[in-house]
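One structure below.
The values are calculated or read from the model by the stated rules, or taken from the named source; none is laboratory data. What you see is a predicted model; the values in this text were computed from it and never measured. We place every Cβ from the backbone using ideal geometry, glycine too, and count neighbours over all the protein chains shown. Protein only, heavy atoms only, side chains kept; ligands, DNA and RNA dropped before computing areas. Shrake-Rupley method; radii C 1.70, N 1.55, O 1.52, S 1.80 Å.
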Amino acid sequence: MKAAGLLAIVLFVTIAVVADPMHRLSGLEKPVAGSDDDDKGWINLRSFGVLPSNTGTINRDNLQRAIDAASEVGGVLFLEPAAEGYEIASGLVLKENVSLTGGSPVSPRGSKHPDRAAPVGSLIRVTDDKHPFIAVQSATAIANIQFWYPEQSQADPDAVKPYPPTITLDKSGRVEGVTLSSLTFYGEYETMDFRATSERHCELLLIRDCYGYPLSGKFITIDYCYDIPRILDCHVNPAIMRRFDRTYGKAMVDAVIRNQTYAYNIDHTDNAQLIDVFCFGTYGGILLGAESYGQLTNFNFDCVTIGIHKRGANTFNRNWMVAQGSIIANTGEDVGAIHPILVEGSGHLSLSNVEAFSGHNPALTTVGKSFGYLMVRDAKKLTISVVGARMANYVADVPISKVNSDDVTIAVSASFDKDNCLVSGTF
């Protein structure tokens, strides 16, 4: 009887372990010794075999295995800081209910290895260009991680590798509820690509405290995102690797500008929110697509050809409220194409306390002037209000110009032109 009873207990425990995915997960992924991750409910990825000494393919497969297991019950996967980081191959899918987090503090100048020209910490080294590094599904988050492309060209524009985006959305279904925060990118070609479709649109994207300098010029692209996408406190700058001696020089920045892309690109969105966004050394600061509307506040687009490019497809709700910003439009092959603000199509644009000036900067090739302050082109049924603008360093006779545009009303008040003369009235 005793043997039979013991056998029954063993069978019961075995069945319970197999049936309970949380038990399987916690048994396999116990954090490494000395870590307090178990107190936080985090799962240390080293226990899944994601190790600094592994090849990228092995680490990718082990990380995907950890994601698959955590997705069953929901969990936080922790990438422990390491001196050399982790090589991980591309093609990952961050499945529903999983957060991937590291221990690297966010920094617009990055981390620095104590002995060599490299970053250090919760660092992912990406060396293959077969796929986007990671595609995210609904109810996911990535935080406090650095992504590095160590084989990317630092000084030769002709040797730049066009890597796929570092982070994108999983195209197998709708993606809702994604948070990307405190991320730093080094050497990427395109940073975050959230281009969905009308059939499978995405919702509730929150991107904040992210830093990088994509060599395509495209930092964040969002298309078909309804229910309020938000971009907060993001910074695009070629000096992202300055602390470990890999700052991009003038030739590299000029090449990025020649791509004629925008650091931030927003379209097919409802009430998008962008607060405290910055870029330096890209062709365009932000493209506000014809099927978008929202608010842009507290921004700086420095050393660009076009600061804000707004399009519009109707007069009902293709409206943008833009406030508290500065634009330095000073680079390009022809001053006639350099515009702090370019507006096309229909809708409304409200500009409040937005200044534009120009000048030279040794980090890139500059003209040092813009054509004007505001250019309206190919527009119809368009209204623009400008309040409290400071307009300087442009070559046109007047700060506001219209080309091939009918039925356009522009109201300006309390603003000043390049000669410090008051500009007020309706155009």
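In segment 389-412, the residue that is most open to solvent (accessible area, probe 1.4 Å) out of those that are touching a Gly at 6+ places or on another chain (Cβ under 8 Å) and of a type in the set (S, T, N, Q) is Asn393. Looking at segment 210-240, which of its residues are modelled with pLDDT of 95 or more, more than 15 Å from Ser182 (Cβ to Cβ) and among the acidic types (Asp, Glu)? Correct list: Asp223 only.
For segment 354-378, the set of residues classified as surrounded by fewer than 17 Cβ atoms within 10 Å (Cβ to Cβ) and either on the phi > 0 side of the Ramachandran plot or in contact with a Leu (Cβ under 7 Å, 6 or more places away or on another chain) (or both) consists of Gly359, Gly368, Arg377, Asp378, listed by residue number.
When you go through Pro119, Pro114, Pro105 one by one, which is the residue that is buried (at least 23 other Cβ atoms within 10 Å of the Cβ) and assigned to a loop (DSSP other than H, G, I, E, B)?
Checking each option against the conditions leaves just Pro119.
Within segment 213-250, restricting attention to residues that are of a type in the set (D, E, K, R) and out of contact with any strand residue (DSSP E or B) (no Cβ under 7 Å at 6 or more places or on another chain), the residue that is least open to solvent (accessible area, probe 1.4 Å) is Arg246.
Restricting segment 147-197 to residues that are of a type in the set (S, T, N, Q) and closer than 20 Å to Lys130 by Cα, which is modelled with the lowest pLDDT? Only one residue fits best here, namely Ser172. For beta carbons closer than 6 Å, sequence separation of 6+ or different chains, a first residue in segment 160-171 that is touching a residue at least 60 places away in the same chain (Cβ under 8 Å) and a second that is not in a loop (DSSP other than H, G, I, E, B), the qualifying pairs are Asp170/Val93; Asp170/Ala135. Just so you know, in segment 75-102 the residues that are open to solvent by less than 30 Å² (accessible area, probe 1.4 Å) and in a loop (DSSP other than H, G, I, E, B) include one that is modelled with the lowest pLDDT, and it is Gly85.
Here Thr282 meets the list (1) open to solvent by 20 Å² or more (accessible area, probe 1.4 Å); (2) assigned to a loop (DSSP other than H, G, I, E, B); (3) in contact with a helix residue (DSSP H, G or I) (Cβ under 7 Å, 6 or more places away or on another chain) almost entirely, failing just condition (1). Residues in segment 303-344 that are surrounded by 21 or more Cβ atoms within 10 Å (Cβ to Cβ) and small (Gly, Ala, Ser): Gly307, Gly312, Gly325, Ala329, Gly332. Can you say whether Lys381 is of a type outside the set (A, V, I, L, M, F, W, C), open to solvent by 20 Å² or more (accessible area, probe 1.4 Å) and touching a residue at least 40 places away in the same chain (Cβ under 8 Å), as far as the supplied structure shows? When the stated conditions are applied, Lys381 passes them.
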